[in-house]
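Undergrad: First the structure, which I've put down as structure tokens, then a few questions once you've had a look.
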Amino acid sequence: MSFVNPHSSNGERRRQHARLSVSTSAELRPRTLRKIKISVIDISVAGFRINTLSPLHIGEDVYLHLPSIAPLKGTLRWKTGDQYGGEFATPLH
């Protein structure tokens, strides 16, 4: 993900792009696995945050399959618990 400033004055990370909170089921296809069921938590023009119990690897290229949209290529950048953050290969514009 892109950051304007890695940390705000209170120590929290600030995002360059606004995120839209969503709550939808989707599928993710890592290069090494078949599609897995995920929950999309939020999305921005630059990336996404998902929840899954399936083990994934940071740095792994993935395809995010959202309903009624062509698959979106991205790379997993971070993990906290069962949540992962990804960066789209091409920003959504």
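The values are calculated or read from the model by the stated rules, or taken from the named source; none is laboratory data. Since this is a predicted model, take the numbers as computed values, not measurements. Glycine gets a Cβ as well: all are built from the backbone with ideal geometry, and neighbour counts include every protein chain shown. Side chains are part of the model used for accessible areas, which takes the heavy atoms of the whole protein and leaves out ligands, DNA and RNA. Shrake-Rupley method; radii C 1.70, N 1.55, O 1.52, S 1.80 Å.
Undergrad: Can you give me the number of residues within the stretch 50-65 that are in a loop (DSSP other than H, G, I, E, B), among the aliphatic types (A, V, I, L, M) and either open to solvent by 70 Å² or more (accessible area, probe 1.4 Å) or closer than 19 Å to Ala18 by Cα (or both)?
TA: The number of residues fulfilling the criteria is 2.
Undergrad: Do we find a residue being open to solvent by 80 Å² or more (accessible area, probe 1.4 Å) and modelled with pLDDT of 90 or more anywhere in the stretch 5-21?
TA: Yes: one or more hits.
Undergrad: Is it the case that Ser44 is of a type in the set (S, T, N, Q), within 17 Å of Ala26 (Cβ to Cβ) and touching a residue at least 12 places away in the same chain (Cβ under 8 Å)?
TA: yes
Undergrad: Which residues, taken from the stretch 35-49, are touching an Asp or Glu at 6+ places or on another chain (Cβ under 9 Å) and either open to solvent by less than 50 Å² (accessible area, probe 1.4 Å) or in a strand (DSSP E or B) (or both)?
TA: Once the filter is applied, which keeps residues that are touching an Asp or Glu at 6+ places or on another chain (Cβ under 9 Å) and either open to solvent by less than 50 Å² (accessible area, probe 1.4 Å) or in a strand (DSSP E or B) (or both), the stretch 35-49 yields Ile36, Lys37, Ile38, Ala46, Gly47, Phe48, Arg49.
Undergrad: When you scan the stretch 81-89, do you find a residue that is in a strand (DSSP E or B), under 15 Å from Pro30 (Cα atoms) and open to solvent by 70 Å² or more (accessible area, probe 1.4 Å), even just one?
TA: no
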